[in-house]
Amino acid sequence: TGDYIFFVDSDDWIEKDAIEILVSLALEHGADVVTSKKQTVSGDSSKRLRGRDGVKVYTSAGYVELMTRPMGVFCFPWSRLVKRELFDGMRFIEGRVFEDLILMPHVIYRANKVVESQRRLYCYRRNYSSITRSRFSYKAMDEMDGYVSNVNFGDEIGNKKVVLYSIMFFHTKYYYYTLRVWWNRMNYRAYRKKYSKVALWYWKRLFLFCKKCDGNPMPELVDRIG
């Protein structure tokens, strides 16, 4: 019922003044989304790295590119203060793993701007029994559908960088899960049947990108097709 929603995972925590700082930045900059840097801790460690002062301001499209870019800020909802109205008509898909990967780019794209505090206000606990590190299962491959969703979203908004980044992520995970399925003696044919045609189409799209850029490799490719 409030003006903003802030996400914290159940095994993480935030600094005591985190909400105060983020809301103040939202009001100061008139931003729909405000986020901060994170600090990663292991176990019960209480080590604090406050980071430096200052902010970075992004357009919504620019930040969505950063969310989908390999080694970017990713699509997690945690650490982000989001104006509640951006979720109107949108909800996380129940029963899905990596449901944030599908939803958050759509939500953030609705924002007028995104402000990032350079202070480390979110404490991310590295948990080796978490969903992303637990025993492999078919549910983990919901992640693949998230990248397909992001490719389609990039096409929808006409952002070639989002398309390219999402295709790169898809292929990285496609071969990773291929090995995991084979190693765990799961139904390899069913997995290949579901994703092999998509993988082939995405490879063709990557080759087309390269052709338009005179065959130049990354990172020049990303800048020249943007």
Contour excess over end-to-end distance, with Cα ends at Thr40 and His171 and 0.36 nm allotted per residue: 44.4 nm
Cα-projected label distance for Val8 with Asp155, points at 7 Å along beta-carbon direction, nm: 4.1
Cα gyration tensor category, rounded, prolate or oblate, for the range 1-97 with a/c compared to 1.5: rounded
Rel. contact order, % - alpha carbon contacts under 8 angstrom, at least six apart, the range 136-185: 35
Peptides 65-72, 152-159 ordered by average Cβ neighbours within 10 Å, highest first: 65-72, 152-159
Peptides ranked, highest mean first, by Cβ atoms within 10 Å: ranges 93-101, 197-205, 78-86: 78-86, 93-101, 197-205
Two-site FRET efficiency, Lys139 against Glu28, from Cβ-Cβ distance with R₀ of 45 Å, rounded to 0.05: 0.60
Length released on extending from Phe207 to Arg185, taking residue separation times 0.36 nm less the Cα-Cα span: 4.7 nm
Fully extended contour minus Cα-Cα distance, from Thr59 to Asn112, at 0.36 nm per residue: 18.4 nm
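Computed from the coordinates by the stated procedures, all read-outs in this text should not be read as laboratory data. Quick caveat, the model's predicted, so the values are computed rather than measured. Quick reminder, even Gly has a Cβ in these numbers, built from the backbone with ideal geometry, and neighbours come from all protein chains shown.
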